[in-house]
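Below is one structure; the comments refer to it alone.
FYI, it's all coordinate maths here, none of it is from the lab. Only a predicted model underlies this, so the values are computations on that prediction, with no experimental measurement involved. As a convention, Cβ positions derive from the backbone with ideal geometry for all residues, glycine included, and neighbour counts pool all protein chains shown.
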């Protein structure tokens, strides 16, 4: 894609449509799909329609400062890239591309546990701030090992995800025959040949596609029989959070918090921040939208630690809406995968620029000179109350 063509993409929706043209169905659905009837996926987006802003242009905001300070770092805007598995399937070295784009934009990047590249590979880019996602595994030693590797590689925070303890029933992936880790044999590659541009770009990468962080040096792993989801422990408890807190000395962020009670308890267990998230609707279909769950978690935490949110944020105005409800910042997942598929690092840079421009414009209309000026007084009414 030429730079001029990329500049003509002016929204996440346009980026998604272009990615759909480029990607094989199975790969597009891996990013775009969710669990079962995908109700929660749709609600993540549609719930924003219930939040109406009351602009205050006479407050005078000739210039706007979009920066926020979180976990010891200043981000250029209240939006960062969240963890998405197998980004390297959308563009060669996809994780590294996205991390570099985030760093160039002055914001943060979270590496997925299920990245194609390793913790160490990503660190080589020098992208900062960078965070690492981990889970609670049945083998607690593996959880500790990932945390220790992240520390050794200079990561700035650990994101413990708690809503992936069982595999979501993702029916698009089942229909497409997509498995985790993906098989990339002749049959699978042949089925993807209907998108020759993607296949040509990925021709040297497909044999490497897998979960890089699960392969220990000197060990061989059978990707045909490995089931990562069987390694996770649905019996995890707050004690596991306490144990990880003892191992990890930097910021510890809890992702997947939806219930106010879990938000209320998080600071007491040494958690430095929470992310209100339903995993993009990819786990429990029927879970509340993230934005609807946000106010309850914010109220329960009472300002003790930052509250971030992801899920359904497709416009800059959605990020502003979340901030008026008490979020400190937002994360995006699918939009950066679509952007990767379209133009790699330049695509991610473009989608981040779209969000930045939209957030800035909304702030100007609302008379907000800084992120601190985005509060509940800008809402027509507080929704869902």
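Quick notes on this one:
- Potential extension, residue 268-residue 238 segment - 0.36 nm per residue separation minus Cα distance: 9.8 nm
- On the basis of the beta-carbon distance and an R0 of 30 Å, residue 229 and residue 380 show a calculated FRET efficiency of 0.10.
- Packing, taken as the mean count of other beta carbons within 10 Å per residue, orders the peptides 352-359, 5-12 from highest to lowest as 352-359, 5-12.
- With Cα atoms defining each centre, region 140-195 and region 354-372 are spaced 35 Å apart in the structure.
- Once the C-beta distance of residue 245 and residue 120 is scaled by a Förster radius of 22 Å, the resulting FRET efficiency is 0.40 to the nearest 0.05.
- Chain lengthening between residue 204 and residue 62 when straightened (0.36 nm per residue, less Cα-Cα): 46.2 nm
- Extension gain (nm, one decimal) between residue 193 and residue 14, 0.36 nm per residue minus Cα-Cα: 62.1 nm
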